[in-house]
Amino acid sequence: MGKFSVDRIARGLHYRIGRYIAKQDAAVQAQREKDAAVPLAPIPTKINVGCGQDKRPGYLNIDVDPASRADILIVDNNDSAIPRNYFEEVLAHDVLEHIPRAKTLAALLDWADYLIYGGKLILQTSSILGVAEKLQQSKRYEQQHAWTVCLFGNQAHSGDYHLTGFTELTLKVHLLAAGFRIDHLALREDWLLTAEATKVYDWAASCDATVGSDTEFMREAYQRAVFRDVEGEELESATRALKLGVARKVALKAIYASPERLFRVAQRNDL
Ligand SMILES: C[S@@+](CC[C@H](N)C(=O)[O-])C[C@H]1O[C@@H](n2cnc3c(N)ncnc32)[C@H](O)[C@@H]1O
């Protein structure tokens, strides 16, 4: 075969490849246009926190456990994908006791932040006194064993441990401290606490994060969260953190999530 014909074959091949690629590009483009025309499903206005295997239709189901195959998997406590001031309902069934005791209020503040003003929190958790009562009534080993499991969790995997528990009073104070009005709080099946609560205070909006100096912001934050002046070293260290780049909302949440807030809210409510 002469040089001329090899060139022709090569040119013909390039032409065919070019046409093939152009066709593929057109197909990709057409698919892109088709995809863009399909509207994204809106995010549900109810969220099921710690859904586990109980994934509910009509809810955004979230969990920290990959085995749950949740709609959103929370990794390293990063819940920044969850919209704020958006949901009408937060459902948290049998979840709060899985969160470390010292983080209970921080978790409730986050859940409150997911909700619109007037949104509802529906909660179920374990009652320490309810389980204790059951233990006291049980006379057989197998019964006391089962109630011990109810108190401390199945412990089948790392997320399956109970790290805290509540009484009506301690749950009430936590809910009030997170800015909820308690509509209903009761013992269910003798050992579970169920609560329905409404967001009536927006801790995140309690200080306008855009105005004033860092010092003014911190003074306002302490007044709002723990009802007192902030002074001296405490003020210095708080404003230093802001200067180092800590967001005002993060600093505000730390004050609202402090044990001091729980004690002061309890005191104010004569509890
Ligand atoms: C006992 S299961 C309850 C599952 C489900 N809500 C139900 O009622 O069947 C507790 C779930 O809470 C999840 N969990 C624990 N800590 C969490 C957190 N900080 N945020 C979201 N989910 C969490 C666990 O992974 C687990 O799936």
The Cα extents of segment 204-268 along the principal axes, largest first and rounded to whole Å, are 33, 25, 16
The computed P(r) of segment 76-179 puts the percent of Cα pairs beyond 21 Å at 42 percent
Among segment 99-143, those whose backbone N falls under 11 Å of a label point 7 Å along Cα→Cβ from residue 167 are 128-130
Computed about the Cα centre, the charge dipole of the chain from +1 Lys/Arg and -1 Asp/Glu charges at the Cβ has a magnitude in debye, to the nearest 20, of 1360 debye
Summing +1 per Lys or Arg and -1 per Asp or Glu among the other residues with Cβ less than 13 Å from residue 147's Cβ gives -1
Segment 140-271, convex hull of Cα, quarter of hull surface, nm² -> 11.3 nm²
Rh_Kirkwood(the chain) over Cα pairs, Å, one decimal, evaluates to 22.4 Å
Under the helix-only model (-39500 (n - 2.57) for each DSSP H run of 4 or more, divided by the residues of the chain), the mean residue ellipticity at 222 nm, to 500 deg cm²/dmol, is -14500 deg cm²/dmol
With all protein chains in place and a 1.4 Å probe, residue 183 shows an accessible area in Å² (nearest 10) of 70 Å²
Taking Cα atoms only, Rg over Rh for segment 136-176 with Rh from the Kirkwood formula is 1.11
Around residue 77 (Cβ within 12 Å, Cβ-to-Cβ, excluding residue 77; K/R +1, D/E -1) the net charge comes to -2
Here, trypsin sites (Lys or Arg not before Pro) of segment 131-195 satisfying both criteria (DSSP loop; at most 16 other Cβ within 10 Å) are 139, 140
Largest fluctuation, 223, 124, 29 only, Gaussian network model of the chain with Cα springs under 10 angstrom, belongs to 29
Judged on accessible area alone, 1.4 Å probe, highest first, 125, 148 line up as 148, 125
Computed ³J(HN,Hα) along segment 202-212: with the Karplus parameters 6.51/-1.76/1.60, θ = phi - 60°, integer Hz and x for glycine or proline, the list is 9, 4, 5, 9, 5, 10, 6, 6, 9, 10, x
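The values are calculated or read from the model by the stated rules, or taken from the named source; none is laboratory data. Treat the numbers as computed from the prediction; the structure is a model and nothing was measured. Don't worry about glycine lacking a Cβ; one is built from the backbone with ideal geometry, like all the others, and counts go over all protein chains shown. Side chains included, ligands, DNA and RNA excluded: accessible areas come from the protein's heavy atoms. Shrake-Rupley method; radii C 1.70, N 1.55, O 1.52, S 1.80 Å.
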